[in-house]
Amino acid sequence: MSVRNVLVVGGGFTGLTAAIALAQRGVDVTVVDKVRAWARVGHGLTIQGNALRVFRELGVLEEILGDAFPEEDGITLFLADGTELAHLDTPRTGGPDLPPTIGALRPDVHGALVRKAEAEGVAFRLGTELVSFETVGATASATLSDGTTSEWDLVIVAEGIHSRSRAALGITEQVASSGLGIWRAVTSRKPDMRGGIAFPLGSGGAYKVGYTPVSETHCYVFVLCEPQRTANDLADWQEVRRLMAGFHGEFDFLRESIHEDTFLNFQEIEWIFVAGPWHRGRVLALGEAVHAIPPLVAQGAALCVEDALLLARHVTAEGDLEEQLAAFHARRVPRIKGVVDATLLLAEWEQRPGTPDADPGRVMDEALQALIPAP
Ligand SMILES: Cc1cc2nc3c(=O)[nH]c(=O)nc-3n(C[C@H](O)[C@H](O)[C@H](O)COP(=O)(O)OP(=O)(O)OC[C@H]3O[C@@H](n4cnc5c(N)ncnc54)[C@H](O)[C@@H]3O)c2cc1C
(Lines give C-alpha, C1' and ligand atoms only; values in the text may rest on other atoms or scores of the structure.)
Protein backbone atom coordinates (compact mmCIF):
# COMPACT_ATOMS: atom_id res chain seq x y z
CA MET A 1 0.00 0.00 0.00
CA SER A 2 1.38 3.41 -0.99
CA VAL A 3 0.09 5.52 1.90
CA ARG A 4 -0.25 4.74 5.59
CA ASN A 5 -1.03 8.12 7.15
CA VAL A 6 -2.97 10.99 5.54
CA LEU A 7 -3.85 14.51 6.59
CA VAL A 8 -7.17 15.71 5.17
CA VAL A 9 -7.61 19.49 5.19
CA GLY A 10 -11.32 20.34 5.18
CA GLY A 11 -14.20 18.33 6.59
CA GLY A 12 -16.83 19.00 3.91
CA PHE A 13 -18.32 16.19 1.83
CA THR A 14 -15.06 15.70 -0.07
CA GLY A 15 -12.75 15.53 2.93
CA LEU A 16 -15.05 13.34 5.00
CA THR A 17 -15.64 10.88 2.18
CA ALA A 18 -11.90 10.62 1.54
CA ALA A 19 -11.27 10.17 5.27
CA ILE A 20 -13.84 7.38 5.64
CA ALA A 21 -12.75 5.55 2.48
CA LEU A 22 -9.07 5.72 3.49
CA ALA A 23 -9.72 4.66 7.09
CA GLN A 24 -11.72 1.70 5.80
CA ARG A 25 -8.62 0.66 3.85
CA GLY A 26 -6.38 0.70 6.92
CA VAL A 27 -4.97 4.22 6.59
CA ASP A 28 -4.39 6.39 9.66
CA VAL A 29 -6.37 9.61 8.90
CA THR A 30 -6.56 13.00 10.60
CA VAL A 31 -9.07 15.65 9.44
CA VAL A 32 -8.48 19.32 10.27
CA ASP A 33 -11.08 22.00 9.66
CA LYS A 34 -10.93 25.69 10.40
CA VAL A 35 -14.46 25.73 11.83
CA ARG A 36 -14.65 25.37 15.61
CA ALA A 37 -17.91 23.39 15.44
CA TRP A 38 -19.94 21.82 12.64
CA ALA A 39 -22.95 23.82 11.43
CA ARG A 40 -26.26 22.54 12.82
CA VAL A 41 -28.47 24.38 10.35
CA GLY A 42 -28.10 24.59 6.60
CA HIS A 43 -29.70 24.42 3.23
CA GLY A 44 -31.23 21.69 1.22
CA LEU A 45 -29.45 19.67 -1.41
CA THR A 46 -30.49 17.51 -4.30
CA ILE A 47 -28.26 14.46 -4.10
CA GLN A 48 -28.14 12.25 -7.13
CA GLY A 49 -27.80 8.51 -7.54
CA ASN A 50 -24.07 8.54 -8.29
CA ALA A 51 -23.46 10.15 -4.87
CA LEU A 52 -25.76 7.57 -3.26
CA ARG A 53 -23.67 4.85 -4.91
CA VAL A 54 -20.61 6.24 -3.10
CA PHE A 55 -22.50 6.52 0.20
CA ARG A 56 -23.61 2.91 -0.14
CA GLU A 57 -20.02 1.77 -0.53
CA LEU A 58 -19.01 3.78 2.55
CA GLY A 59 -21.80 2.09 4.53
CA VAL A 60 -23.61 5.34 5.31
CA LEU A 61 -26.49 5.20 2.80
CA GLU A 62 -29.18 3.92 5.17
CA GLU A 63 -28.55 6.71 7.66
CA ILE A 64 -28.63 9.37 4.94
CA LEU A 65 -31.83 7.97 3.40
CA GLY A 66 -33.41 7.89 6.87
CA ASP A 67 -33.27 11.69 7.08
CA ALA A 68 -33.99 12.42 3.40
CA PHE A 69 -36.85 12.48 0.92
CA PRO A 70 -36.33 10.04 -1.99
CA GLU A 71 -37.48 11.48 -5.29
CA GLU A 72 -38.54 8.69 -7.64
CA ASP A 73 -40.88 10.77 -9.78
CA GLY A 74 -38.52 13.15 -11.57
CA ILE A 75 -39.30 16.84 -11.76
CA THR A 76 -42.16 18.91 -13.17
CA LEU A 77 -41.47 22.02 -15.22
CA PHE A 78 -43.97 24.89 -15.01
CA LEU A 79 -44.54 28.23 -16.59
CA ALA A 80 -44.67 31.04 -14.05
CA ASP A 81 -48.48 31.18 -14.28
CA GLY A 82 -48.59 27.64 -12.87
CA THR A 83 -49.22 25.86 -16.19
CA GLU A 84 -47.46 22.51 -16.36
CA LEU A 85 -44.95 22.46 -19.23
CA ALA A 86 -43.39 19.02 -19.03
CA HIS A 87 -42.33 16.27 -16.70
CA LEU A 88 -38.69 15.11 -16.75
CA ASP A 89 -37.49 11.78 -15.44
CA THR A 90 -34.11 12.11 -13.78
CA PRO A 91 -31.59 9.52 -15.02
CA ARG A 92 -30.63 6.94 -12.40
CA THR A 93 -26.96 7.92 -12.25
CA GLY A 94 -26.34 5.45 -9.42
CA GLY A 95 -27.86 2.49 -11.26
CA PRO A 96 -31.34 0.94 -11.25
CA ASP A 97 -31.42 -0.01 -7.55
CA LEU A 98 -30.92 3.50 -6.13
CA PRO A 99 -33.29 6.49 -6.22
CA PRO A 100 -32.43 8.90 -9.05
CA THR A 101 -32.26 11.74 -6.49
CA ILE A 102 -33.00 12.53 -2.89
CA GLY A 103 -33.70 15.86 -1.22
CA ALA A 104 -31.84 16.29 2.06
CA LEU A 105 -30.65 18.93 4.47
CA ARG A 106 -26.92 19.56 4.31
CA PRO A 107 -26.29 19.18 8.07
CA ASP A 108 -28.05 15.79 8.07
CA VAL A 109 -25.81 14.39 5.33
CA HIS A 110 -22.74 16.01 6.85
CA GLY A 111 -23.60 14.68 10.32
CA ALA A 112 -23.96 11.13 8.99
CA LEU A 113 -20.52 11.36 7.37
CA VAL A 114 -18.92 12.78 10.55
CA ARG A 115 -20.37 9.97 12.66
CA LYS A 116 -19.18 7.36 10.17
CA ALA A 117 -15.68 8.87 10.09
CA GLU A 118 -15.52 8.82 13.90
CA ALA A 119 -16.69 5.21 13.93
CA GLU A 120 -13.89 4.31 11.49
CA GLY A 121 -11.30 5.85 13.82
CA VAL A 122 -10.64 9.11 11.95
CA ALA A 123 -9.12 11.79 14.24
CA PHE A 124 -10.60 15.32 14.08
CA ARG A 125 -8.96 18.61 14.97
CA LEU A 126 -11.48 21.42 14.60
CA GLY A 127 -10.54 25.09 14.79
CA THR A 128 -7.30 24.21 12.99
CA GLU A 129 -6.09 25.50 9.62
CA LEU A 130 -3.45 24.35 7.22
CA VAL A 131 -0.89 27.15 7.11
CA SER A 132 1.84 25.81 4.82
CA PHE A 133 3.21 22.60 3.38
CA GLU A 134 6.13 21.17 1.43
CA THR A 135 7.08 17.82 0.02
CA VAL A 136 10.27 16.41 1.49
CA GLY A 137 11.31 13.20 -0.22
CA ALA A 138 8.44 10.75 0.04
CA THR A 139 6.51 12.69 2.67
CA ALA A 140 4.59 15.94 2.97
CA SER A 141 5.39 18.23 5.85
CA ALA A 142 2.35 20.27 6.99
CA THR A 143 2.34 23.20 9.39
CA LEU A 144 -0.97 23.93 11.09
CA SER A 145 -2.37 27.00 12.80
CA ASP A 146 -1.87 25.37 16.22
CA GLY A 147 1.87 25.68 15.58
CA THR A 148 2.53 21.98 14.99
CA THR A 149 4.43 20.59 12.01
CA SER A 150 3.99 16.93 11.11
CA GLU A 151 4.88 14.48 8.34
CA TRP A 152 2.34 12.64 6.22
CA ASP A 153 2.46 10.19 3.32
CA LEU A 154 -0.18 12.36 1.64
CA VAL A 155 -1.95 15.66 2.37
CA ILE A 156 -5.39 16.04 0.77
CA VAL A 157 -6.49 19.65 0.33
CA ALA A 158 -10.31 19.53 0.39
CA GLU A 159 -10.74 23.20 1.25
CA GLY A 160 -13.63 23.97 -1.10
CA ILE A 161 -13.92 26.54 -3.89
CA HIS A 162 -12.07 29.29 -2.02
CA SER A 163 -9.09 27.06 -1.21
CA ARG A 164 -6.08 29.10 -0.14
CA SER A 165 -3.66 26.23 -0.64
CA ARG A 166 -4.57 25.75 -4.32
CA ALA A 167 -2.15 28.41 -5.57
CA ALA A 168 0.70 26.93 -3.52
CA LEU A 169 0.20 23.73 -5.53
CA GLY A 170 1.04 25.66 -8.68
CA ILE A 171 -2.59 25.78 -9.82
CA THR A 172 -3.21 29.06 -11.63
CA GLU A 173 -6.90 28.79 -12.52
CA GLN A 174 -9.03 31.40 -10.78
CA VAL A 175 -12.58 31.31 -9.46
CA ALA A 176 -14.97 33.05 -11.89
CA SER A 177 -18.53 34.32 -11.70
CA SER A 178 -21.20 32.33 -13.55
CA GLY A 179 -23.23 35.52 -14.02
CA LEU A 180 -25.89 34.14 -11.71
CA GLY A 181 -26.89 34.59 -8.09
CA ILE A 182 -29.03 32.31 -5.95
CA TRP A 183 -31.27 32.67 -2.94
CA ARG A 184 -31.97 29.51 -0.98
CA ALA A 185 -34.63 28.97 1.67
CA VAL A 186 -35.90 26.04 3.71
CA THR A 187 -39.64 26.25 4.14
CA SER A 188 -42.84 24.24 4.44
CA ARG A 189 -44.66 22.48 1.61
CA LYS A 190 -47.95 20.68 1.11
CA PRO A 191 -47.77 16.85 0.94
CA ASP A 192 -48.86 16.79 -2.73
CA MET A 193 -46.07 19.17 -3.82
CA ARG A 194 -43.47 16.83 -5.34
CA GLY A 195 -40.78 19.16 -6.64
CA GLY A 196 -40.67 21.51 -9.59
CA ILE A 197 -39.01 24.30 -11.51
CA ALA A 198 -40.85 27.31 -12.92
CA PHE A 199 -39.77 29.61 -15.74
CA PRO A 200 -40.72 33.31 -15.87
CA LEU A 201 -43.14 34.83 -18.33
CA GLY A 202 -41.70 38.32 -18.08
CA SER A 203 -38.51 39.99 -16.89
CA GLY A 204 -37.67 41.78 -13.67
CA GLY A 205 -38.02 38.94 -11.17
CA ALA A 206 -36.20 35.64 -10.79
CA TYR A 207 -34.57 33.85 -13.76
CA LYS A 208 -36.29 30.76 -12.44
CA VAL A 209 -37.58 29.30 -9.19
CA GLY A 210 -37.50 25.70 -8.04
CA TYR A 211 -38.08 23.55 -5.01
CA THR A 212 -37.15 20.09 -3.79
CA PRO A 213 -38.88 18.24 -0.93
CA VAL A 214 -36.48 17.36 1.91
CA SER A 215 -39.11 15.72 4.18
CA GLU A 216 -42.85 15.03 4.34
CA THR A 217 -43.42 18.60 5.53
CA HIS A 218 -40.55 20.72 4.23
CA CYS A 219 -38.71 21.62 1.06
CA TYR A 220 -35.90 23.84 0.02
CA VAL A 221 -36.57 26.61 -2.47
CA PHE A 222 -34.02 28.17 -4.80
CA VAL A 223 -34.44 31.42 -6.65
CA LEU A 224 -32.01 32.02 -9.50
CA CYS A 225 -31.36 35.69 -10.25
CA GLU A 226 -28.74 38.31 -11.08
CA PRO A 227 -25.31 37.77 -9.48
CA GLN A 228 -25.52 40.76 -7.14
CA ARG A 229 -28.27 41.28 -4.61
CA THR A 230 -30.57 44.04 -5.81
CA ALA A 231 -29.89 47.24 -3.88
CA ASN A 232 -33.16 48.06 -2.09
CA ASP A 233 -34.49 48.52 1.42
CA LEU A 234 -36.17 45.15 1.57
CA ALA A 235 -35.34 42.61 4.22
CA ASP A 236 -34.00 39.35 2.75
CA TRP A 237 -37.31 37.48 3.07
CA GLN A 238 -39.13 40.39 1.40
CA GLU A 239 -36.60 40.44 -1.42
CA VAL A 240 -37.14 36.72 -2.07
CA ARG A 241 -40.89 37.29 -2.12
CA ARG A 242 -40.38 40.15 -4.58
CA LEU A 243 -38.32 37.95 -6.91
CA MET A 244 -40.99 35.23 -6.72
CA ALA A 245 -43.93 37.60 -7.18
CA GLY A 246 -44.59 36.59 -10.79
CA PHE A 247 -44.61 32.83 -10.03
CA HIS A 248 -47.94 31.19 -9.30
CA GLY A 249 -49.58 27.81 -8.77
CA GLU A 250 -47.52 25.88 -6.18
CA PHE A 251 -45.13 28.83 -6.00
CA ASP A 252 -47.80 31.06 -4.44
CA PHE A 253 -47.83 28.75 -1.42
CA LEU A 254 -44.02 28.67 -1.26
CA ARG A 255 -43.73 32.45 -1.54
CA GLU A 256 -46.29 33.03 1.20
CA SER A 257 -44.53 30.52 3.47
CA ILE A 258 -41.34 32.62 3.43
CA HIS A 259 -41.27 35.05 6.35
CA GLU A 260 -38.79 36.86 8.55
CA ASP A 261 -37.79 33.70 10.47
CA THR A 262 -37.17 31.61 7.34
CA PHE A 263 -33.62 30.27 7.06
CA LEU A 264 -32.30 31.77 3.81
CA ASN A 265 -29.22 33.21 2.24
CA PHE A 266 -27.96 34.75 -0.98
CA GLN A 267 -24.74 34.07 -2.83
CA GLU A 268 -23.17 34.71 -6.19
CA ILE A 269 -22.62 31.46 -8.04
CA GLU A 270 -18.97 30.99 -8.88
CA TRP A 271 -17.10 28.21 -10.62
CA ILE A 272 -13.62 26.83 -11.25
CA PHE A 273 -12.30 23.88 -13.22
CA VAL A 274 -8.70 22.71 -13.07
CA ALA A 275 -7.90 20.44 -16.00
CA GLY A 276 -4.17 20.20 -15.26
CA PRO A 277 -2.54 18.26 -12.41
CA TRP A 278 -4.24 18.42 -9.00
CA HIS A 279 -1.13 17.46 -7.04
CA ARG A 280 2.44 18.44 -6.52
CA GLY A 281 4.64 15.94 -4.71
CA ARG A 282 2.68 14.50 -1.80
CA VAL A 283 0.00 17.20 -1.62
CA LEU A 284 -3.18 16.95 -3.69
CA ALA A 285 -6.25 19.17 -4.09
CA LEU A 286 -9.64 17.47 -4.36
CA GLY A 287 -13.35 18.20 -4.71
CA GLU A 288 -14.49 21.81 -5.02
CA ALA A 289 -10.92 22.99 -4.56
CA VAL A 290 -10.42 21.89 -8.20
CA HIS A 291 -13.91 21.72 -9.70
CA ALA A 292 -16.83 23.78 -8.50
CA ILE A 293 -19.74 24.02 -10.90
CA PRO A 294 -22.93 26.09 -10.99
CA PRO A 295 -25.62 23.94 -9.28
CA LEU A 296 -27.74 23.67 -12.44
CA VAL A 297 -27.61 19.89 -12.72
CA ALA A 298 -27.14 19.28 -8.96
CA GLN A 299 -23.93 17.31 -9.44
CA GLY A 300 -21.48 19.31 -7.29
CA ALA A 301 -21.41 17.12 -4.21
CA ALA A 302 -21.78 13.93 -6.23
CA LEU A 303 -18.64 14.62 -8.25
CA CYS A 304 -16.79 15.52 -5.04
CA VAL A 305 -17.60 12.26 -3.27
CA GLU A 306 -16.81 10.28 -6.43
CA ASP A 307 -13.37 11.94 -6.40
CA ALA A 308 -12.77 11.00 -2.81
CA LEU A 309 -13.70 7.33 -3.07
CA LEU A 310 -11.75 6.82 -6.28
CA LEU A 311 -8.69 8.54 -4.82
CA ALA A 312 -8.78 6.27 -1.77
CA ARG A 313 -8.83 3.24 -4.05
CA HIS A 314 -5.85 4.51 -6.08
CA VAL A 315 -3.59 5.58 -3.23
CA THR A 316 -4.10 2.35 -1.33
CA ALA A 317 -3.45 0.18 -4.38
CA GLU A 318 -0.09 -1.43 -5.01
CA GLY A 319 2.35 0.52 -7.16
CA ASP A 320 4.12 3.84 -7.41
CA LEU A 321 2.14 6.68 -5.79
CA GLU A 322 3.00 9.21 -8.50
CA GLU A 323 1.65 6.82 -11.14
CA GLN A 324 -1.47 6.17 -9.06
CA LEU A 325 -2.13 9.90 -8.70
CA ALA A 326 -1.66 10.45 -12.43
CA ALA A 327 -4.02 7.56 -13.23
CA PHE A 328 -6.60 8.94 -10.79
CA HIS A 329 -6.45 12.39 -12.39
CA ALA A 330 -6.74 10.96 -15.91
CA ARG A 331 -9.92 9.10 -14.91
CA ARG A 332 -11.55 12.09 -13.24
CA VAL A 333 -10.98 14.99 -15.63
CA PRO A 334 -13.02 13.88 -18.69
CA ARG A 335 -15.98 12.84 -16.52
CA ILE A 336 -16.04 16.15 -14.66
CA LYS A 337 -15.42 18.25 -17.77
CA GLY A 338 -18.64 16.94 -19.35
CA VAL A 339 -20.63 18.29 -16.41
CA VAL A 340 -18.69 21.58 -16.31
CA ASP A 341 -19.35 22.22 -20.01
CA ALA A 342 -23.05 21.41 -19.61
CA THR A 343 -23.54 23.66 -16.57
CA LEU A 344 -21.71 26.61 -18.12
CA LEU A 345 -23.91 26.33 -21.21
CA LEU A 346 -27.01 26.14 -19.01
CA ALA A 347 -25.83 29.20 -17.05
CA GLU A 348 -25.42 31.11 -20.31
CA TRP A 349 -28.93 30.17 -21.46
CA GLU A 350 -30.36 31.26 -18.07
CA GLN A 351 -29.02 34.73 -18.76
CA ARG A 352 -30.18 34.81 -22.38
CA PRO A 353 -33.75 33.55 -22.50
CA GLY A 354 -34.90 32.95 -26.04
CA THR A 355 -31.48 31.79 -27.30
CA PRO A 356 -32.25 29.96 -30.58
CA ASP A 357 -31.89 26.16 -30.26
CA ALA A 358 -31.42 26.35 -26.48
CA ASP A 359 -32.49 22.97 -25.15
CA PRO A 360 -31.76 22.74 -21.39
CA GLY A 361 -33.66 19.47 -20.94
CA ARG A 362 -31.52 17.70 -23.52
CA VAL A 363 -28.25 19.12 -22.17
CA MET A 364 -29.11 18.11 -18.59
CA ASP A 365 -30.20 14.65 -19.63
CA GLU A 366 -27.07 14.00 -21.71
CA ALA A 367 -24.78 15.23 -18.92
CA LEU A 368 -26.45 12.93 -16.39
CA GLN A 369 -26.70 9.90 -18.69
CA ALA A 370 -22.93 10.07 -19.15
CA LEU A 371 -22.49 9.55 -15.39
CA ILE A 372 -24.42 6.28 -15.15
CA PRO A 373 -21.37 4.03 -15.70
CA ALA A 374 -19.49 4.00 -12.37
CA PRO A 375 -16.33 6.15 -12.50
C1 LIG B 1 -25.77 27.52 -4.09
C2 LIG B 1 -25.26 26.11 -4.17
C3 LIG B 1 -26.14 25.05 -4.28
C4 LIG B 1 -25.66 23.75 -4.37
N5 LIG B 1 -26.56 22.72 -4.49
C6 LIG B 1 -26.10 21.47 -4.67
C7 LIG B 1 -27.01 20.38 -4.82
O8 LIG B 1 -28.23 20.56 -4.77
N9 LIG B 1 -26.49 19.15 -5.02
C10 LIG B 1 -25.15 18.91 -5.05
O11 LIG B 1 -24.72 17.77 -5.24
N12 LIG B 1 -24.26 19.91 -4.88
C13 LIG B 1 -24.70 21.18 -4.68
N14 LIG B 1 -23.82 22.19 -4.51
C15 LIG B 1 -22.37 21.88 -4.52
C16 LIG B 1 -21.92 21.26 -3.19
O17 LIG B 1 -22.38 22.05 -2.11
C18 LIG B 1 -20.39 21.23 -3.19
O19 LIG B 1 -19.96 20.55 -4.34
C20 LIG B 1 -19.80 20.50 -2.00
O21 LIG B 1 -20.39 20.92 -0.79
C22 LIG B 1 -18.30 20.78 -1.95
O23 LIG B 1 -17.73 20.02 -0.92
P24 LIG B 1 -16.20 20.23 -0.50
O25 LIG B 1 -16.01 19.33 0.66
O26 LIG B 1 -15.30 20.05 -1.68
O27 LIG B 1 -16.07 21.75 -0.06
P28 LIG B 1 -16.73 22.53 1.16
O29 LIG B 1 -18.09 22.02 1.46
O30 LIG B 1 -16.58 23.97 0.86
O31 LIG B 1 -15.83 22.16 2.42
C32 LIG B 1 -14.55 22.73 2.59
C33 LIG B 1 -14.19 22.61 4.07
O34 LIG B 1 -12.81 23.01 4.22
C35 LIG B 1 -12.66 23.86 5.34
N36 LIG B 1 -11.44 24.66 5.08
C37 LIG B 1 -11.23 25.52 4.08
N38 LIG B 1 -9.96 25.99 4.12
C39 LIG B 1 -9.35 25.38 5.16
C40 LIG B 1 -8.02 25.43 5.71
N41 LIG B 1 -7.04 26.17 5.16
N42 LIG B 1 -7.74 24.68 6.80
C43 LIG B 1 -8.70 23.92 7.37
N44 LIG B 1 -9.98 23.82 6.88
C45 LIG B 1 -10.29 24.53 5.80
C46 LIG B 1 -13.98 24.63 5.39
O47 LIG B 1 -14.25 25.11 6.69
C48 LIG B 1 -14.99 23.55 4.95
O49 LIG B 1 -15.51 22.82 6.06
C50 LIG B 1 -24.27 23.49 -4.37
C51 LIG B 1 -23.37 24.55 -4.27
C52 LIG B 1 -23.86 25.86 -4.16
C53 LIG B 1 -22.87 26.98 -4.05
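Being of a type outside the set (F, W, Y), out of contact with any strand residue (DSSP E or B) (no Cβ under 7 Å at 6 or more places or on another chain) and either at pLDDT 95 or above or within 13 Å of the ligand (Cβ to nearest atom) (or both): is that true of V9 here? Don't jump to the end; show me each part of the working.
Values: of a type outside the set (F, W, Y): yes; out of contact with any strand residue (DSSP E or B) (no Cβ under 7 Å at 6 or more places or on another chain): no; either at pLDDT 95 or above or within 13 Å of the ligand (Cβ to nearest atom) (or both): yes.
Against the criterion (of a type outside the set (F, W, Y), out of contact with any strand residue (DSSP E or B) (no Cβ under 7 Å at 6 or more places or on another chain) and either at pLDDT 95 or above or within 13 Å of the ligand (Cβ to nearest atom) (or both)), V9 does not qualify.
Going through region 167-176 one residue at a time, which ones are in contact with a strand residue (DSSP E or B) (Cβ under 6 Å, 6 or more places away or on another chain), away from the ligand (no atom under 12 Å from the Cβ) and part of a loop (DSSP other than H, G, I, E, B)?
G170, E173
Is it the case that some residue within region 84-94 is modelled with pLDDT of 95 or more and over 24 Å from R362 (Cβ atoms)?
No, region 84-94 contains no residue that is modelled with pLDDT of 95 or more and over 24 Å from R362 (Cβ atoms).
Could you identify the single residue in E239, E216 that is more than 11 Å from the ligand (Cβ to nearest atom), farther than 30 Å from G338 by Cα, of a type in the set (D, E, K, R) and part of a helix (DSSP H, G or I)?
Within the list E239, E216, the selection yields E239.
Residues of region 188-199 being buried (at least 22 other Cβ atoms within 10 Å of the Cβ) and farther than 18 Å from A80 by Cβ, which ones?
The one that is buried (at least 22 other Cβ atoms within 10 Å of the Cβ) and farther than 18 Å from A80 by Cβ: R189.
The conditions are (1) touching a helix residue (DSSP H, G or I) at 6+ places or on another chain (Cβ under 6 Å); (2) at pLDDT 95 or above, and Y207 fails exactly one of them. Which is it?
In the conditions (1) touching a helix residue (DSSP H, G or I) at 6+ places or on another chain (Cβ under 6 Å); (2) at pLDDT 95 or above, Y207 misses (2) alone.
Condition check ((1) within 19 Å of G300 (Cβ to Cβ); (2) in contact (Cβ under 8 Å) with a residue 24 or more places away in the chain; (3) in contact with a Leu (Cβ under 8 Å, 6 or more places away or on another chain)) across all residues:
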{"residue": "R40", "(1), (2), (3)": "no, yes, no"}
{"residue": "A51", "(1), (2), (3)": "yes, yes, no"}
{"residue": "F55", "(1), (2), (3)": "yes, yes, yes"}
{"residue": "G59", "(1), (2), (3)": "no, yes, no"}
{"residue": "I64", "(1), (2), (3)": "yes, yes, yes"}
{"residue": "E84", "(1), (2), (3)": "no, no, yes"}
{"residue": "G95", "(1), (2), (3)": "no, yes, no"}
{"residue": "A112", "(1), (2), (3)": "yes, yes, no"}
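Taking the residues in region 356-375 that are exposed (fewer than 13 other Cβ atoms within 10 Å of the Cβ) and within 23 Å of E270 (Cα to Cα) as candidates, determine which candidate is farthest from the chain's Cα centre (by Cα).
Among those residues, the one meeting the criterion is D359.
With respect to the numbered conditions (1) away from the ligand (no atom under 11 Å from the Cβ); (2) closer than 18 Å to F263 by Cα, which one is the sole condition not fulfilled by Q228?
The single condition Q228 does not satisfy is (2).
Tell me which residues, restricted to region 29-86, are within 22 Å of A185 (Cα to Cα), polar (S, T, N, Q) and surrounded by 22 or more Cβ atoms within 10 Å (Cβ to Cβ).
The answer is T46, Q48.
Go through region 187-235 residue by residue and tally those that are over 24 Å from the mean Cα position of the chain (by Cα), closer than 16 Å to N265 by Cβ and not hydroxyl-bearing (S, T, Y).
2
So R164 ticks every box in (1) within 14 Å of the ligand (Cβ to nearest atom); (2) buried (at least 21 other Cβ atoms within 10 Å of the Cβ); (3) of a type outside the set (G, A, S) but one. Which box is left unticked?
So the condition that R164 fails would be (2).
Hey, any hits in region 177-196 for a residue that's within 13 Å of the ligand (Cβ to nearest atom), β-branched (V, I, T) and within 26 Å of T343 (Cβ to Cβ)?
In the first step, residues of region 177-196 are kept if they are within 13 Å of the ligand (Cβ to nearest atom); the result is 177-178, 180-186, 195.
Going one step further and asking which of them are β-branched (V, I, T), we end up with 182, 186.
Filter again for within 26 Å of T343 (Cβ to Cβ), leaving 182, 186.
Within region 177-196, one or more residues are within 13 Å of the ligand (Cβ to nearest atom), β-branched (V, I, T) and within 26 Å of T343 (Cβ to Cβ).
Considering only residues of region 12-52 that are out of contact with any helix residue (DSSP H, G or I) (no Cβ under 9 Å at 6 or more places or on another chain) and among the charged types (D, E, K, R), which is nearest to the ligand (Cβ to nearest atom)?
Within region 12-52, the match that is nearest to the ligand (Cβ to nearest atom) is K34.
Do the conditions hold for T343, that is, is it of a type in the set (S, T, N, Q), more than 28 Å from A86 (Cα to Cα) and modelled with pLDDT of 95 or more?
In short, no.
Of the conditions (1) more than 14 Å from the ligand (Cβ to nearest atom); (2) surrounded by 15 or more Cβ atoms within 10 Å (Cβ to Cβ); (3) over 30 Å from G246 (Cβ atoms), R4 satisfies every one except a single condition; which number is it?
Looking at each condition in turn, R4 falls short on (2).
Give region 167-185 a look and list any residue that's among the charged types (D, E, K, R) and over 19 Å from the mean Cα position of the chain (by Cα), or say none.
Start the filter on region 167-185 by keeping residues that are among the charged types (D, E, K, R), which leaves 173, 184.
Residue satisfying the conditions is E173 alone.
Among the listed residues A123, A142, A112, identify the single one that is away from the ligand (no atom under 13 Å from the Cβ), modelled with pLDDT of 95 or more and surrounded by 20 or more Cβ atoms within 10 Å (Cβ to Cβ). Explain how you work it out, then say what you get.
Values: A123 fails: surrounded by 20 or more Cβ atoms within 10 Å (Cβ to Cβ); A142 fails: away from the ligand (no atom under 13 Å from the Cβ).
Among A123, A142, A112, only A112 is away from the ligand (no atom under 13 Å from the Cβ), modelled with pLDDT of 95 or more and surrounded by 20 or more Cβ atoms within 10 Å (Cβ to Cβ).
The values are calculated or read from the model by the stated rules, or taken from the named source; none is laboratory data. Just so it is clear, the structure is predicted and the values come from calculations on it, not from any experiment. Quick reminder, even Gly has a Cβ in these numbers, built from the backbone with ideal geometry, and neighbours come from all protein chains shown.
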